[in-house]
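Q: The structure is given below, and queries will be raised subsequently.
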Amino acid sequence: MTTDATRAAPVPEAAARTGGASGGYARYMAGKVGGAAVSLLAVLVTSFFLFRLIPGDPVKYMTGGRQVSAEQLASYRREFGLDLPLWQQFADYCGKALTGDLGTSYQFRAPVLDKITEALPNTLLLTGTAFVLYTALGIFLGTRSAWRHGGLGDRINTGLALTLYSIPSFWLGLLLIIVLAVGVGPIPGLFPTGGMESGSEEGFAYVVDVAHHLVLPVVTLVAVEYGQTLLVTRSALLDEMGGDYLTTARAKGLRDDLVRRRHAVPNALLPTVTLIFINLGRTVAGVILVETVFSWPGLGGLFYQALSVPDLPLVQGLFFVFAAAVIVMNTLADLIYPLLDPRVGR
């Protein structure tokens, strides 16, 4: 005879399986977060020593080329702690960085964190706009190319994506400035050569002015970045197209576009989701050249200015921010992927 206790016996086993799965993901998450913390610490250490190899004396830069006495130079070095032994400078840097103090900029005489906070919105505007556009374009064209693989459209899309992906962003940016900003032959200059605003607009006219300045740098980033998303989406969808579940869906009488949208594409987007997070961090870190070419007042342009001094606290702080963006986004991708595909991280 079956008792209540016997009927209830499987419940703890199911709970154990659920608990085991949760515990497996918790261990997986702890490992990824711990690895990210170690990577951030390594970046903090590397940024201090790496940029001290840059030739140049920041103290002489701060004098503006004027003839100054040795006492004045010594005063500057003492003010910024450059007269201390290297190990002591490193200890002070790590101690302050762990409390959120990234030091004081040599050239701006302002806290590094303030300068980063001031320039960050401009970089997010540029990279965010480009990111949304090249992600949507890459997924759309990658899906179309895979569904009609081997056709003329697929060959054109794939060839163009590979070509643009291999072009350096600064070279493409300079080319766009020459053709579309300066003008060549009968082609007039249609866009500004650089900057973020004209400086004389207000209200809605200001928004239009910023959008006008935004076109060329965004086009540059979209052109060199969408190809990777296209190729990954295309490859993942091609792998899914031979699945039995798609054959079953067609056998039920579903139209081809419904089979693609409802069944094939959602499963094929798993690798693309991971790539999206990785690209988001990489775009923020890789915007230095584009911002420099277009004189965009963001983190990339600020990094170039700091590097030319060298403004060591500002360079170190920006390097840490760029590296942290990549590490954090990679970690988020690692944490989200098991939620989309339970086979990972169990």
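The values are calculated or read from the model by the stated rules, or taken from the named source; none is laboratory data. If you're wondering where the values come from, they're calculated on a predicted model, not measured in any experiment. Counting neighbours? That spans all protein chains shown, and the Cβs are built from the backbone with ideal geometry, glycine included. SASA here: full protein model, heavy atoms, side chains in, ligands and nucleic acids out. Shrake-Rupley method; radii C 1.70, N 1.55, O 1.52, S 1.80 Å.
Q: Using the Cα centre of the chain as origin and beta-carbon charges of +1 (Lys, Arg) and -1 (Asp, Glu), tell me which of L299, L174, T233 is placed farthest towards the positive end of the dipole.
A: Value: T233.
Q: Got a number for carbon plus sulfur as a percent of the chain's accessible area, 1.4 Å probe?
A: 65
Q: Let me ask you something else. Give me, ordered by chain and number, the residues 5 or more places off G195 or on other chains with an amide H under 5 Å from its own placed amide H.
A: Answer set, sorted by chain and number: S295, W296.
Q: Ordered by residue, what ³J(HN,Hα) values in Hz, to whole numbers, does the stretch 161-167 give under the Karplus form 6.51 cos²θ - 1.76 cosθ + 1.60, where θ = phi - 60° and Gly and Pro are x?
A: 5, 5, 5, 5, 5, 8, 7
Q: In addition: Does the stretch 127-192 come out rounded, prolate or oblate by the C-alpha gyration tensor, with a ≥ b ≥ c the root eigenvalues, rounded set by a/c under 1.5 and, if not, prolate when a/b is larger than b/c and oblate if not?
A: prolate
Q: Place a +1 charge on the Cβ of each Lys and Arg in the chain and a -1 charge on the Cβ of each Asp and Glu, then give the dipole magnitude about the Cα centre in debye, rounded to the nearest 20. Present the calculation step by step, with values, prior to reporting the outcome.
A: Numbers: 25 positive and 25 negative charges, 228 e Å.
For this selection, approximately 1100 debye.
Q: For the stretch 24-165, build the charge dipole from Cβ charges (+1 Lys, Arg; -1 Asp, Glu) around the Cα centre, then report which of A130, A70, F140 sits farthest towards its positive end.
A: It is F140.
Q: Turning to a different aspect of this structure: Are there trypsin sites (Lys or Arg not before Pro) in the stretch 169-263 that DSSP marks as loop and that have at most 16 other Cβ atoms within 10 Å, and which are they?
A: K252, R255
Q: Expressed as a rounded percentage, what relative contact order does the chain have, with Cα pairs under 8 Å and six or more residues apart?
A: Relative contact order comes out at 27 percent.
Q: The list [x] 151; [y] 137; [z] 237 gives values of volume of the Cα convex hull per residue in Å³, and only one came from this structure; which label was calculated from it?
A: [z]
Q: Further question: Between T104 and residues 5 or more places away or on another chain, which pairs have amide H atoms under 5 Å apart, with H built 1.01 Å from N, and which residues are they?
A: Amide H neighbours of T104, under 5 Å, 5+ apart: V112.
Q: In whole Å, how far is the Cα centre of the stretch 127-166 from that of the stretch 93-116?
A: 41
Q: For the stretch 187-346, just say rounded, prolate or oblate: build the C-alpha gyration tensor, square-root its eigenvalues into a ≥ b ≥ c, call rounded for a/c under 1.5, and beyond that prolate if a/b exceeds b/c, oblate if not.
A: Taking the square roots of the gyration eigenvalues as a ≥ b ≥ c, the stretch 187-346 is oblate.
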